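In what follows, a structure is listed as structure tokens, so that the remarks can point back to it.
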Amino acid sequence: MPELPEVETVVRGLQLLLPGREILSVRLGKTDFIDDPAAIEQNVPGCRIVEVRRRGKFLVVFLEKNRAPQIESGFAPVRFHLIVHLGMTGQLTVRPGAMPSALHTHVWFALDNDRELRYTDPRRFGRMALVSESGSENILGALGVDALDARQEEFHIRLSGRRARIKALLLDQRVFRGMGNIYTDESLWRARIHPARLGASLKSDEVARLYRAVQNVLREAIRLGGSSISDYVNAEGARGEFQLRHRVYQREGEKCSRCGAWIRRMIVAGRSSYFCPRCQRAPRRRRPKKKAAREACHTPARQRQK
């Protein structure tokens, strides 16, 4: 599934291509991933694209449409947000209108420069919704702080005292929006922290190390255009290169590039987690007391003497 670096790469590409363009028409194919297809068909044509932003793993296209003048000073614009989640295999690209569409393309936005903004998604696990400017908070408002924008103090506060495993905390979009399986595993490896450690067990220096690892991994991945594991491409259809820098993700059975131990895989928070057992020491398990010792503690002294 595209994560923060992939979505950020797509957004930066679209931001170069879309602002100022007018959407002339909309054509829809399969619509089972669209919240309200009729709303898009009726309201998007005639809209001008103002900007494109990222909120966690969501893309938000800011639209503005002029309606009949209400006052003498000019038009009263209507503002919409087109919210897109790429799911597992979604792609949002800008193509020449005359170029044949890729298989599984389901949405075409015709632009005023003879190009099209196209949404392609073989598995249709993505999501698309058109909402009012204020209505976007119903979808995006519950997200946590952006992992790329979080300051170290805020990062520490959101982890300290939490009894959940660190892998689960980093994946929880209510804690840090944008993190996913790839960059969580890579960050934990760089920080030398086992994915099953509890957030509350991390010392201050470990949290600081993890914060730096998350920031470095995300920024490096953005610089290299994200990770093209499956179907991900940027706004112009090019693949990313960060998958060539992965050190643990999907490298089970390979040697750790840092210490030479074999990379392992385990399930944490319901997700496959890749780690080095030597670089990332597993948390110590509490040894249960022997049954006889436990029974002796709860047996009255008189009964023990018998």
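Rundown of residues vs (1) modelled with pLDDT of 95 or more; (2) under 27 Å from GLY199 (Cα atoms); (3) under 28 Å from the mean Cα position of the chain (by Cα), yes/no style:
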| site | (1), (2), (3) |
| --- | --- |
| GLY237 | no, no, yes |
| CYS256 | yes, yes, yes |
| ALA282 | no, yes, yes |
| HIS298 | no, no, no |
### Task
Taking ALA282 as meeting all but one of (1) in the same structural domain as ASP149 (by TED's automatic domain parsing); (2) loosely packed, with under 15 Cβ neighbours inside 10 Å, write down the number of the exception.
(1)
### Query
How about segment 148-166: which of its residues are outside any strand (DSSP E or B) and either touching a Lys or Arg at 6+ places or on another chain (Cβ under 7 Å) or under 19 Å from LEU92 (Cβ atoms) (or both)?
ILE166
### Query
Under the condition of being buried (at least 21 other Cβ atoms within 10 Å of the Cβ) and either on the phi > 0 side of the Ramachandran plot or in a strand (DSSP E or B) (or both), which residue from segment 57-67 is nearest to the chain's Cα centre (by Cα)?
PHE58
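Conditions tested, residue by residue: (1) of a type in the set (Val, Ile, Thr); (2) within 28 Å of ARG158 (Cβ to Cβ); (3) touching an Asp or Glu at 6+ places or on another chain (Cβ under 8 Å).
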{"residue": "VAL44", "(1), (2), (3)": "yes, no, no"}
{"residue": "VAL52", "(1), (2), (3)": "yes, yes, no"}
{"residue": "GLY56", "(1), (2), (3)": "no, yes, yes"}
{"residue": "ARG79", "(1), (2), (3)": "no, no, yes"}
{"residue": "THR89", "(1), (2), (3)": "yes, no, yes"}
{"residue": "LEU130", "(1), (2), (3)": "no, no, yes"}
{"residue": "LEU140", "(1), (2), (3)": "no, yes, no"}
### Message
Give me the residue from segment 17-41 that is part of a helix (DSSP H, G or I) and in contact (Cβ under 8 Å) with a residue 24 or more places away in the chain and, out of that set, surrounded by the most Cβ atoms within 10 Å (Cβ to Cβ).
### Response
ILE40
### ILE193 over 30 Å from GLY97 (Cβ atoms), out of contact with any Phe, Trp or Tyr (no Cβ under 6 Å at 6 or more places or on another chain) and in the same structural domain as ARG163 (by TED's automatic domain parsing)
yes
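The values are calculated or read from the model by the stated rules, or taken from the named source; none is laboratory data. Being a predicted model, the structure only gives us computed values, none of them experimental. Neighbour counts run over all protein chains shown; Cβ positions are idealised from the backbone, glycine included.
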